[in-house]
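Only one structure is covered here, and it is reproduced in the block below.
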Amino acid sequence: MARQNAIVPTQLAIGVGVIAIGLVLGIGALRFPPEMGFVILGAHVYPCAVAVFLAGVGVVLSYQAITGGFRELSQDLQASSLQANGKSGAAWVSAGIVSIALLINVIGFVLAAALLFACSARGFGSRHPLRDLAIGIALTLPIYWLFNAGLGVALPPLINVWI
């Protein structure tokens, strides 16, 4: 399917909006106090990293909107199939949110967050729960260590002792 090289205004507005959110977040992060206390990194580091990431995503989205529209956006989706899958997907994501709230102190931060990731992936159509759990653990471990070591934020235990 060949795309025309026309600007898609609504998609360009999305890209510019994501860039604006990144800029606002970056400006807000740079206004954090510079004192570091007992942590390795200042409080502005993570919000600045997220701001840079968001601005980068916004630039890519804007570029795609200018050069013919978002890539990988399927044009043959039926609205009825989206609505039918949307209810079960929302149920899976909601179940993941409830499960992390109930299980974070029981099974630990990493496993509870990995379960949330797997439920969210299932809600978005994944059919590989073990792979999704492994990806969730791989994403959650660095986050746990960065928050504990980098920012000094006390999260629930990595994995509870009884496991």
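The values are calculated or read from the model by the stated rules, or taken from the named source; none is laboratory data. This one's a predicted model, so the numbers in the text were calculated from it and none came from an experiment. No Cβ is skipped: glycine too gets one built from the backbone with ideal geometry, and neighbour counts run over all protein chains shown.
What the table below lists for this structure:
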| read-out | value |
| --- | --- |
| Single residue of GLY96, GLY86 found to be over 26 Å from GLY42 (Cβ atoms) and buried (at least 17 other Cβ atoms within 10 Å of the Cβ) | GLY96 |
| Selection status of VAL59, modelled with pLDDT of 90 or more, assigned to a helix (DSSP H, G or I) and under 21 Å from GLY150 (Cβ atoms) | no |
| Pair list, Cβ < 6 Å and 6+ apart or interchain, from segment 143-157 residues that are without any contact (Cβ under 8 Å) to a residue 24 or more places away in the chain to residues that are in a helix (DSSP H, G or I) and among the aromatic types (Phe, Trp, Tyr) | VAL153/PHE147 |
| Residue within segment 118-130 that is at pLDDT 85 or above and closer than 30 Å to GLY42 by Cβ present | no |
| Residues satisfying the stated conditions in segment 82-125, i.e. of a type outside the set (A, V, I, L, M, F, W, C) and within 17 Å of LEU139 (Cα to Cα) | GLY96, GLY108, SER120, ARG122 |
| Failed item in (1) of a type outside the set (Asp, Glu); (2) modelled with pLDDT under 90; (3) in contact with a helix residue (DSSP H, G or I) (Cβ under 6 Å, 6 or more places away or on another chain), with ASN105 passing the rest | (3) |
| Every residue from segment 131-151 that is surrounded by 14 or more Cβ atoms within 10 Å (Cβ to Cβ) and at pLDDT below 85 | LEU146, PHE147, ASN148, GLY150, LEU151 |
